[in-house]
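The values are calculated or read from the model by the stated rules, or taken from the named source; none is laboratory data. Keep in mind it's a predicted model, so treat the numbers as computed, not measured. Reconstructed Cβ throughout: ideal geometry from the backbone, glycine too, with neighbour counts over all protein chains shown. Side chains are part of the model used for accessible areas, which takes the heavy atoms of the whole protein and leaves out ligands, DNA and RNA. Shrake-Rupley method; radii C 1.70, N 1.55, O 1.52, S 1.80 Å.
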Amino acid sequence: MKIAFHGAARTVTGSKHIITLKNGTKILLDCGMFQGMGKDTDTLNRHFGFDPAEIDVMILSHAHIDHSGLIPKLVKEGFVSKIFCTPATKDLTTVLLKDSAEIQEDDVKFMNKRRANEGKPYLRPLYTVDDAQKAVEHLEEKQYEQWFEVTEDVHAMFSDAGHIIGSACVNLKIKENGKETHLTFSGDIGRYRDAILKSPDTFPQADFIVMESTYGNSLHDTAVTTPDMLLSWIEKTCLQKKGKLILPTFSVGRTQEILYALNQLELENRLPDIPFYVDSPLSIEATEIVKRYPNYFNRTIQKIMKSDKDPFAFKGLRYIQSVDQSKQLNFINGPMVIISASGMADAGRVKHHISNNIENSRNSIVLTGYCEPRSLGGRLMNGDKEVTIFGVLHEVHAEVGSIRSMSAHGDYDDMSQWLACQDKQQVKTIPGTW
Ligand SMILES: [Zn+2]
């Protein structure tokens, strides 16, 4: 068996790994999009580096776009087989891919207007909404903790990764030449003591482990809780400066965590009386899907739900659906909180909100998750004093901050805990030759 890494190696996004068996069978683990890689992003996403028609079957660890985002392109270019994933991953991937296609079509339209004036050739999206719809027909649900047949020689079982709703580690039993090899692919590993989800589950003994290490060199700040951090930004920005607090937020996972934290502030009578806008149709859909899987929630939130049926709703919360309503927010003066995708601020409506509000020192932009250094979020976090958004240079006068305690990725303590179920004597080192 051989494994080739076509993304998420020495970088975080673009998760795509191909296992090739000696009999030629090719299994693709994830088919993620590269995000926030600056000028290289588009090129990286346009060329797979392998032939999709040669892939026999695919397994998807979770719905995040950096793990699922190129599935429509994979299908468009000749992949015909099944894509195994958990039921919640299927639901979320269906809405995320449609949204990804819409964003691409919108962004390309927006940029082509300018390119036409400049006499430059038109850009094309990686795929369309139609491609995304065809692609999700390949998704096939499998429950956690149940072995299923991937091919005649390969069986798989999902274990809960505790990263987002439906996220899974992929455990494989691979038979080759009468020998069975156990390989586990971590996908993204969540955190122990997550606000909403259960902790990552244990997994069967593996011979080889492919694991993520986004925060393999750091520990998250857990001394201050998310509700407290959010409240201090709201007080500083909205109450003292009467400005807008913009939270670029991943639609899946982080949005629900923020809503849950704000709901907690309301339960404690600490939530200021200002409007909170969730400006992302995808975040609205994702929140509805998350609510459908309360059996994946941890015990604390299940207990809260006995008295508070909707732990993601509170006073002042408003959902924005249409683009027109979203644009209207520019013309409303006064304090408000805008929660909008994407988390790295490289796409989606939040990019427009940032470009409209970044030059006013009354406002704050607070990043709530991992940002690639070259993404807009990454550049802001880096302290850049000027940033280019949609080709226009902006001076950064808004206050920029981040809430690191909110990461859905485990730190090195979480990763060590995830690995602790393994007998390390049985985990093999990778041989130099095959
Ligand atoms: Zn993820």
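Residue 427 meets each of the listed conditions (1) in contact with a strand residue (DSSP E or B) (Cβ under 7 Å, 6 or more places away or on another chain); (2) closer than 24 Å to residue 191 by Cβ; (3) open to solvent by 60 Å² or more (accessible area, probe 1.4 Å) apart from (3). Scanning the stretch 2-15 for residues that are under 21 Å from residue 79 (Cα atoms) and out of contact with any helix residue (DSSP H, G or I) (no Cβ under 9 Å at 6 or more places or on another chain) yields 2, 3, 4, 5, 6. Scanning the stretch 272-296 for residues that are outside any helix (DSSP H, G or I) and either modelled with pLDDT under 95 or open to solvent by 10 Å² or more (accessible area, probe 1.4 Å) (or both) yields 272, 273, 274, 275, 277, 280, 292, 293. The selection criterion, being within 16 Å of the ligand (Cβ to nearest atom) and touching a Lys or Arg at 6+ places or on another chain (Cβ under 9 Å), does not hold for residue 391.
Out of the residues in the stretch 74-83 that are farther than 16 Å from residue 187 by Cα and open to solvent by less than 10 Å² (accessible area, probe 1.4 Å), state the one that is farthest from the ligand (Cβ to nearest atom). The extreme case among them is 79. Scanning the stretch 41-73 for residues that are more than 22 Å from residue 1 (Cα to Cα), more than 19 Å from the chain's Cα centre (by Cα) and in contact (Cβ under 8 Å) with a residue 12 or more places away in the chain gives a single hit, 46.
Residue count for the stretch 41-70 satisfying the condition of being within 15 Å of the ligand (Cβ to nearest atom), in contact with a His (Cβ under 9 Å, 6 or more places away or on another chain) and either open to solvent by less than 10 Å² (accessible area, probe 1.4 Å) or at pLDDT 95 or above (or both): 4.
For residue 258, state whether it is closer than 22 Å to residue 341 by Cα, in a strand (DSSP E or B) and within 20 Å of the chain's Cα centre (by Cα). No; evaluated as a whole, the condition is false for this residue.
Of all residues in the stretch 361-414, those satisfying the criterion of being within 20 Å of residue 216 (Cβ to Cβ) and among the aromatic types (Phe, Trp, Tyr) are 370, 412.
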